[in-house]
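Report on one structure; see the data block that follows.
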Amino acid sequence: MKNPRALPLLVVLLFVAVAIPVVRAATLAWYHLDGAVGTTAGPIADAGPNHVDGAVVGDATFTTGVTGEALDLAGDFDYVAVPNSSVLVLSNSWTVEFYFSAHQPYSVFGSDPATLINKLNTGSVGSHLSSFAVEYSSNGHLHAFTSWVVNQGVDVDGGANVDATDGRWHHVALVYNAAAATGDSSLSFYVDHELRDSAHGAYPPIAWAGYPLVIGTGNYPDNQDHSIFRRNFDGAMDEVRISDLALEPAGFLPPVARFIGLRIERQQNGTDVQLIWSGEAGHSYQLQYNPVLQVSGWNDLGGVQAGSGVDLEVVDPIQTATPARFYRVVQLP
């Protein structure tokens with residue numbers, strides 16, 4: 001620094017957009033849900049190789065997303081309908097994943113829990129009406145399932161330690177591994193890239209039928225818009241991707257990085273600065289620096305540190321060869 005007394009202080013309390021990888025061979029459909037922020041959403045393009053496009057039902061608008069924009073489902077009866085397609089009959093292994101953020105305060109539209117994504121297999125009344133579904137309860141609880149006939153299927157649970165009422169973006173992945181060679185199939189549920197629940201057994205084939213895929217709701221029966229059984233989600237959805245492989249976490253869409261507050265103090269020796277932040281138990285952190293304060297160009301400073309409920313700190317020498325050095329801390333999932 002030219003003036004070691006003028007230390008730049010960067011405190012960030014925002015979400016950050018993450019880089020999304022290119023379409024891979026396993027991708028069947030991929031909905032980026034992008035559009036001009038604040039405008040009413042129209043057609044929903046499929047960025048995957050099969051172009052199974054969808055359409056918005058209701059008055060959903062675009063908002064800022066995990067990467068680019070996202071779809072804001074802020075009103076009752078707002079959702080995305082993707083017409084039935086043989087592409088979405090997932091007869092072998094598959095993965096359904098997306099990001100979501102629940103509004104706070106949260107409104108219950110219809111029944112609770114709401115459905116984040118749903119592929120109906122029947123117009124009957126009962127339980128296990130979907131080929132696959134992921135549900136969100138107003139208390140922040142997550143639940144998912146697949147089924148092979150009405151009232152029969154397998155459920156997986158997000159667990160009591162997952163609370164998605166914080167208004168942040170969360171990643172969800174529901175993974176079905178057919179494992180036909182062993183006759184032992186499995187259904188696994190990941191939240192924020194962590195395995196929360198799984199089940200396995202000699203399951204019958206999953207039921208599929210000529211119903212649309214819906215994002216942001218699960219209207220029962222027969223997907224009727226104004227059914228008393230509707231389960232419309234109050235929040236935002238982004239990057240819905242369906243793959244024809246049982247993906248591992250390394251193959252998921254990337255986790256959402258979060259920046260947290262950082263305190264910078266000059267040490268008494270006059271040649272070092274001390275960087276201090278609060279490290280919550282159950283999270284890890286990476287300190288980074290950037291000499292020019294731009295989106296790219298961030299470099300890791302030291303290694304990843306695990307939080308334990310006390311302050312974490314790193315000492316960094318004052319840089320005399322550059323005019324400034326900016327810092328940030330990224331909270332990892």
Base-10 log of normalised Debye intensity for region 120-189 (one unit scatterer per alpha-carbon) at q = 0.13, 0.18, 0.26 Å⁻¹: -0.44, -0.77, -1.15
In order through region 305-317: 3J(HN,Hα) via Karplus (6.51 cos²θ - 1.76 cosθ + 1.60), integer Hz, x for Gly, Pro: 10, 8, x, 9, x, 10, 5, 10, 8, 9, 9, 10, x
Efficiency of FRET between Ala281 and Ala202 - r from beta-carbon atoms, R0 51 angstrom, step 0.05: 0.80
Extension gain, Asn161 back to Ala306 (0.36 nm per residue minus Cα-Cα distance, nm): 50.4 nm
Derived scalar couplings ³J(HN,Hα) [region 131-141; Karplus, 6.51 cos²θ - 1.76 cosθ + 1.60; whole Hz; x for Gly, Pro]: 4, 8, 7, 10, 10, 10, 8, 5, 8, x, 7
Highest to lowest packing among 140-149, 244-253, 121-130, scored as the average C-beta count within 10 Å: 140-149, 121-130, 244-253
For region 40-112: span of alpha carbons on each principal axis (Å, largest first): 39, 26, 22
Kirkwood-based Rg to Rh ratio, region 258-332, C-alpha trace: 0.97
Histogram of C-alpha separations across region 27-251, 10 Å bin width, %: 9, 37, 40, 13, 1, 0
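Rule-based calculations on the coordinates, nothing more; no lab input. Predicted model only: the values in this text are computed from it and were never measured. Cβ: placed from backbone, ideal geometry, glycine included. Neighbour counts: every protein chain shown.
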